[in-house]
Every structure is written in structure tokens, then in C-alpha cells.
1. Determine the distance separating the Cα centre of the range 179-215 from the Cα centre of the range 334-373; give it in Å without decimals.
2. Whose amide H sits under 5 Å from the amide H of Ala218, counting only residues 5 or more places off or on another chain, with H placed in the peptide plane?
3. Relative contact order, percent, of the chain when contacts are C-alpha pairs under 8 Å separated by at least 6 residues?
4. Count charges around Leu286 for me, please; just the other residues with Cβ under 9 Å from its Cβ, Lys/Arg as +1, Asp/Glu as -1.
5. Using alpha carbons only, what's the Rg to Rh ratio of the chain with Rh from Kirkwood?
6. Ignoring ligands, DNA and RNA, what accessible area per residue does the chain give at 1.4 Å, in Å²?
7. Amide H of Ser126: which non-local residues (sequence gap of 5 or more, or other chain) have their own amide H closer than 5 Å, using H built in the peptide plane?
8. Starting with the highest mean, order 297-303, 384-390 by the number of other Cβ atoms within 10 Å, averaged over the residues of each peptide.
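The values are calculated or read from the model by the stated rules, or taken from the named source; none is laboratory data. Computed from a predicted model, the values in this text were never measured in an experiment. Reconstructed Cβ throughout: ideal geometry from the backbone, glycine too, with neighbour counts over all protein chains shown. Heads up: the accessible areas ignore ligands, DNA and RNA and are worked out on the full protein's heavy atoms, side chains in. Shrake-Rupley method; radii C 1.70, N 1.55, O 1.52, S 1.80 Å.
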Amino acid sequence: MNHCDLCVPPSMVPEQDGFFTGRCILVNGPVIVGAGPSGLAVAAGLKQQGVPFVILERANCIASLWQNRTYDRLNLHLPKQFCELPYIPFPENFPEYPSKHQFINYLESYAKHFEIDPRFNELVQSAKYDETCGLWRVKTVSSNNSTTEYICRWLVVASGENAEKVVPEFEGLHEFNGNVMHACDYKSGEDFRGKRVLVVGCGNSGMEVSLDLCHHHAAPSMVVRSSVHVLPREILGKSTFELAVSMMKWMPLWVVDKILLGAARLILGNLEKYGLKRPSMGPLQLKNTEGKTPVLDIGTLSKIRSGDIKIVPGIKKFLQGGVELVNGEVHEIDSVILATGYSSNVPSWLKESEFFSSDGFPRSPFPNGWKGKAGLYAVGFTRRGLSGASLDAVRVAQDICKIWNQETKQKNHCVAVSCHRKCKP
Ligand SMILES: Cc1cc2nc3c(=O)[nH]c(=O)nc-3n(C[C@H](O)[C@H](O)[C@H](O)COP(=O)(O)OP(=O)(O)OC[C@H]3O[C@@H](n4cnc5c(N)ncnc54)[C@H](O)[C@@H]3O)c2cc1C
Ligand SMILES: NC(=O)C1=CN([C@@H]2O[C@H](COP(=O)(O)OP(=O)(O)OC[C@H]3O[C@@H](n4cnc5c(N)ncnc54)[C@H](OP(=O)(O)O)[C@@H]3O)[C@@H](O)[C@H]2O)C=CC1
Ligand SMILES: O=C(O)C(=O)Cc1c[nH]c2ccccc12
């Protein structure tokens, strides 16, 4: 990495709009935004081919989603073979569904093995392609408020599908006098023993937080405002996800959905009587078109059946000590946990709208959403979890390495030719 000689030192730059007053770094190779599994996997591919890069990470550690924004007892919910990063498999002693601690340890040793050294505490605030020089300008702010501009040929967006928490507005929530938190700040039910907790949302987070609350002798009610697909995590001892992936090779998605729903009905029974209505579209089709992940049940359903977890309809408004629901019922509650999901943050910093759409995902559907124009790439936006991220990462690293090697060869060739000419008697 070189300090950029195109830039004027901060002290010489007038404090005017349009002038960049921080330091400036010219990056030899790509800039990768995000040191989660996606960023690490691309970095590993580049490292193997000797291509230099810089990873910019807003947190102070790798895989911050996993280290800082998930609850203690979280386990991967897809079988381990779908969650490995490229090039290094999980250790053999890992269980079928590794714990988050095992997964984090794996990621730490992955980064160490490939000597991946992200620049931590650097929040990417903007990235823009500069047509005049054909380079990307990536501006960051660090935790001590200093700003830096990175200038590079390639930009790899690996900031994640779950970069920001979604916090919807609710009437009266400010007047509610209990504790309110998002699921990303929930660690364990320890602090909720004996408390009446309203869990808003019934995706995998809402379901698993409610179950954890039960294990800690709290009294959860879970808000189901519309509908949800709950599937058994296993069918006849085989992972549902794995079965779906195998069937998808042979049959159209809607047929696989029909089979999954038939199996779910046999194994789980009719869930509507508990307030869990199914969407009209099948689970995989819904995941593909709207990104809504089906719930893989890890024990929540049995707590719903036993009444330990209550299902309630949508929220009308919050009151000082409780909540009023759309059916007119009023429930007293002590705490609220918003398991209301996440969003991509790409539109807030990437000044580009051809490749990425306004929801922060690439416009082209899988498997074509990894490569844009002018050296722009995306990794981990396939709505296919870690296996989708790994596929993207291999493609992106290969593509950049190919261009890098061609150009290096060309450069070496030119150097050799000019040297040959100079040296010729
Ligand atoms: C609770 C939970 C459990 C999950 N379990 C599974 C599972 O079992 N199996 C599975 O396949 N998938 C699972 N997923 C999906 C999950 O998205 C992926 O597992 C994985 O974390 C995606 O990796 P990523 O690197 O793309 O994104 P992330 O892990 O989100 O990493 C992105 C990184 O980019 C950084 N970043 C974001 N914006 C900026 C910015 N502007 N500047 C600098 N840095 C930035 C973030 O701090 C973060 O470290 C789960 C998701 C959640 C929320
Ligand atoms: N063990 C694991 O591996 C786990 C994996 N995950 C993954 O993390 C990702 C995010 O999951 P999750 O956090 O559950 O988010 P989701 O987006 O899947 O679910 C959000 C939930 O919040 C509800 N919601 C949103 N706004 C409101 C509102 N105003 N009022 C009432 N309900 C509302 C949604 O309802 P509606 O559908 O009506 O909009 C939905 O039920 C998923 O990919 C998931 O699979 C999460 C936890 C554990
Ligand atoms: O995005 C997630 O949370 C995942 O765990 C990965 C995932 C991709 N496609 C799915 C279909 C059913 C369940 C989980 C996933």
C-alpha cells in the first residue's frame, strides 16, 4: 500500500465543501468492505494467488455479527457442510450444527491461516467511482473521528445482508416504561427470569429468542402479525435443508415446496390453531422472491403447543405498562424484544444505482449478482446464507486474480521487452 501522491496533505487543503481533508491511501489491489465470513472468504482467495488487498471493517473484530450481535446459545441452523468457507473445512470434531463459538473460532483460525489483517474501526461512509481516473474512492471514518480516503481499482462489497437492525415505529413505544431491545442485543434470558416479555416477530430470531426465554423461566408472548413457514429442521433424520437442496437438482422449486409442506404437515401437524398461519407462497419460493427465511424449528413449537410461549396477533399500540393488540386485547408486559429483522446498508454509502437496487441487494438474481461494472463486486447478497457467500467469494477472487495476473504478466512483459531493447548491443 502506498500513500497517494495525488493528494494534498490535510493541512494544505482548504476547509471547503467538496474537498477531502483527511489522509489518502492508494491501494494496490481491491478494497473489501466488511470482515465477516464473505469478506474473509474473498480475502483468502486473493491471498492464495498473491493479490494484495485491504479489508475495511467498522467493528473492532472479524465476524462482528457473530461475535457482537447474536445470543449466547446460538447454533448454526444449517448442517455444517453448508456453512464452511472455501479452502478450509471445519475441524472433524465439529457437530452437525456447530455452536456460534465453534464457528467464531473457525473464522478466527481461518483469518490467521491466511494472514488476513483487516483495518478495524473503519466505517465506510461513501464509495464512488471516479470516471476521470477510472478508480474507486472509498471514504472511511475511524473511531477517533479521523477520515481516510482509499483509492482503488476494485471494490468488493461484503457488508452483509444483515448490516443494520430494523426497528419499526410503534405508537406509544416511547411511553412504555419497561425495557426495549432489538434481538441483536439479546444475549440470554438470564435477566428476564419471571418477566413477561413481548417478542415482536416470528422469524428464526423471534422463535429462538422465545425458546431461550422459556429455558430461563421467563414468560414470552410472540407477535405473529402475518404468516410464517415453520419447517422441521430434520425430516426422517435428514436435514430438511439438505433434502431441499438435493430435490432442487431434479425438480422445480414449487414441487419441492409442495413436498416440504406435505412433510411439515405430517411431522408438525396443523399449526394454524396456534396462530401460525402459512403464507400462500411456498417456503423456498418465498425465500427466493422476498428473502423471507423459513423457520427451522429447534424446539419452539413444542413450547407453543404446551402454552409456555403464547402467540399474539399484531400490535396496535404500546401503553405505559403493556401493549394493546389489533384484536383489542390488552396485555401487561415487562419487556419488549424486537426480533423485527435486518437490512443491508449499501444504499447509505455506495454511490451507485445500476448494479445495486434501493433495497441494498444486487439487481441481478442469483447466480449473477456478484459482478458489476468498473471493478465493482458483491459477495454475500444471494439470500442463500453462508453457502451462497462462499460461491460468490470464489468467483470474485478468481475474477480479480485473472485480471491481476494478466496485467502483471503484461507489465513484466513490457519491462522485459524494454529491458531487452535497452540491453541489446
Ligand atoms: C442470528 C443469525 C444467524 C444466522 N445463521 C446462519 C446459519 O446458520 N447459516 C447460514 O448459512 N447463514 C446464517 N445467517 C446468515 C448470515 O448472514 C451469514 O451467516 C453470514 O454472517 C453472512 O456473512 P457476511 O460476511 O456476508 O455478512 P456479515 O456477517 O454481516 O459481515 C459483514 C461485515 O461488514 C461490516 N460492515 C457493514 N457495513 C460496513 C461499513 N459501512 N463499513 C465497514 N464495515 C461494514 C460488519 O460490521 C460485518 O462485520 C445468520 C444470520 C443471523 C443474523
Ligand atoms: N440459528 C440460526 O441460524 C438463526 C438464523 N437467523 C437468520 O437471520 C436472518 C434474520 O432473521 P430474523 O432476525 O428472524 O428476521 P426476519 O426478517 O426473518 O423476521 C422478521 C420478523 O419480524 C416481523 N416484523 C417486522 N416488522 C414488524 C412489525 N412492525 N410488527 C410485527 N412484526 C414485525 C416480521 O413479520 P412479517 O413477516 O409479517 O413482516 C418477521 O416475522 C434470517 O436469515 C434468519 O434465518 C436468525 C436467528 C437464528
Ligand atoms: O439466511 C439464513 O438465515 C440461512 O440460514 C440460510 C438459508 C438460505 N436459504 C434457506 C432456506 C431455509 C432455511 C435457511 C436458509
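1. Comparing the Cα centres of the range 179-215 and the range 334-373, I get a distance of 26 Å.
2. Correct list: Gly194.
3. Values: 801 pairs, mean separation 85.0, N = 425.
Relative CO of the chain lands at 20 percent.
4. Numbers: positive: Lys287, Lys292; negative: Asp257, Glu290.
With Lys, Arg at +1 and Asp, Glu at -1, the neighbours total 0.
5. Working: Rg = 24.6 Å, Rh = 23.9 Å.
Result for the chain is an Rg/Rh of 1.03.
6. Numbers: 21430 Å² over 425 residues.
It amounts to 50 Å² per residue over the chain.
7. The answer is Lys139.
8. Details: 297-303: 18.1, 384-390: 20.9.
Going by the mean number of other Cβ atoms within 10 Å, highest first, we get 384-390, 297-303.
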